[in-house]
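Structure, as structure tokens:
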Amino acid sequence: MATYAIGDVQGCYTSLQRLTQTVRFDPQQDRLWFVGDLVNRGPDSLHVLRYIKNLGPAAITVLGNHDLFLLAVASGVTTLRRSDTLAQVLAAPDCDELLAWLRQQPLLHREGDCVLVHAGLLPQWTVEEAQQLAKEAETALRGDQFAATLRALHPNGHLQWAPELVGPIRYASIMKVLTRLRTCSVSGVMESSFSGPPELTPKGFHPWFNIPFRRNGTATMVYGHWAAMGLHLTPNLLALDSGCVYGRQLTAVRLEDRRVFQVTCEGTRGSQ
């Protein structure tokens, strides 16, 4: 039995199939961990969703910002942009079933020393605190606060986490951290617009995982979201967004021995 953590798929279904064939994935024995952003910008989000949903317990995925965007569009909270490729999902006969499944997926998954999340954790959060906050936001997504929380999240440039927040703003701020964080200040203020490489991080901010004395530093973080950083592996960091949707690679890392598997992808016109 093996567990393969896979970077941002973003609708690149053919690449995902090639990658699972490369690792000789056996759904009866092995598991796939997805870092989120299953959909959008790539050519075939519909078949990506169907495939992962049908894997049942052989797949674990956390939600990414593009997955939340799909839910927001389907709920009428926001509208598609020119670069979005979600129309096929929204028009599918099983759209409601797929979206209902997506709403049930977690924002954070912890197993042993590994924490699976789309973007990252604020330096002030312990893993235990992050788990509890993620559960709050997941409950909102799955319940009556669903639409209100998505409205608070779109747009989200103004959102900053604070422990005294309540209601949809609180849940949306948690989601922003877990699905959009790249850089922040030492005190945990998020920079909302930067998507470039870590070495060009704006003054006064740092890649979230480089903050000194962050309270979640002993866990092994498995995450994606930062295509401009690319594949980045250290003893406690597995950053897996290797830019498949931009014509680079789709990456899997076997967690048992950290072996890396990659397939080259065909690019799209999506922007980071």
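Throughout, read-outs are computed from the coordinates displayed, never taken from laboratory work. Everything numeric here is computed off the predicted structure, so don't read it as measured data. Here the Cβ positions follow ideal geometry from the backbone for every residue, glycine too, while neighbour counts run over all protein chains shown.
If the viscosity is 1.306 mPa s and the temperature 10 °C, what translational diffusion coefficient in µm²/s does Stokes-Einstein give for segment 1-62 when Rh comes from Kirkwood over Cα pairs?
The Stokes-Einstein estimate is 139 µm²/s.
Under a Cβ-Cβ cut-off of 11 Å, what is the net charge of the residues other than Pro123 that fall near it, where Lys and Arg count +1 and Asp and Glu count -1?
Net local charge, Pro123 excluded: +2.
Suppose every K and R has +1 on its Cβ and every D and E has -1 on its Cβ; what is the size of the dipole of the chain about the Cα centre, in Debye to the nearest 20?
With Lys and Arg at +1 and Asp and Glu at -1, about 440 debye.
Considering only DSSP states other than H, G, I, E and B, which GluC sites (Glu not before Pro) in segment 140-238 qualify as loop sites with at most 13 other Cβ atoms within 10 Å?
Listed in order of number, the matching sites are Glu164.
Can you sort Met1, Met190 by how many other beta carbons sit within 10 Å, fewest first?
Met1, Met190
Cross-link partners among lysines for Lys135, C-alpha distance below 25 Å, same-chain residues fewer than 8 apart left out?
In chain and number order, the partners are Lys53, Lys176.
Just to verify a number: FRET efficiency for Asp257 and Gln17, C-beta to C-beta distance, R0 = 25 Å, to 0.05?
Working from the Cβ atoms, E equals 0.60.
Report the antiparallel proportion of the DSSP beta bridges in the chain as a percent, rounded to a multiple of 5.
60 percent
Please rank Phe209, Phe25, Phe34, Phe261, fewest neighbouring Cβ atoms within 10 Å first, as an exposure proxy.
With the fewest neighbours first, Phe209, Phe25, Phe34, Phe261 line up as Phe261, Phe25, Phe209, Phe34.
Rank the residues Tyr51, Tyr4 as a footprinting-exposure proxy: fewest other Cβ atoms within 10 Å of their Cβ go first.
Ordered from fewest to most neighbouring Cβ atoms within 10 Å, Tyr51, Tyr4 come out as Tyr51, Tyr4.
Where does the charge balance sit around Pro155 when Lys and Arg score +1, Asp and Glu -1, over other residues with C-beta under 13 Å from its C-beta?
Taking every Cβ under 13 Å from that of Pro155, the sum is +4.
Can you pull the Kirkwood radius for the chain, inverse mean 1/r over Cα pairs, to one decimal in Å?
Evaluated over the chain, this radius sits at 18.4 Å.
Length gain on complete extension for the stretch Ser185 to Thr220, per 0.36 nm per residue less the alpha carbon to alpha carbon distance?
Length gained, Ser185 through Thr220: 10.5 nm.
Just in segment 1-107: which trypsin sites (Lys or Arg not before Pro) are loop by DSSP and have at most 16 other Cβ atoms within 10 Å?
Here the trypsin sites (Lys or Arg not before Pro) that fit, given the DSSP loop and packing criteria, are Arg24, Arg81, Arg82.
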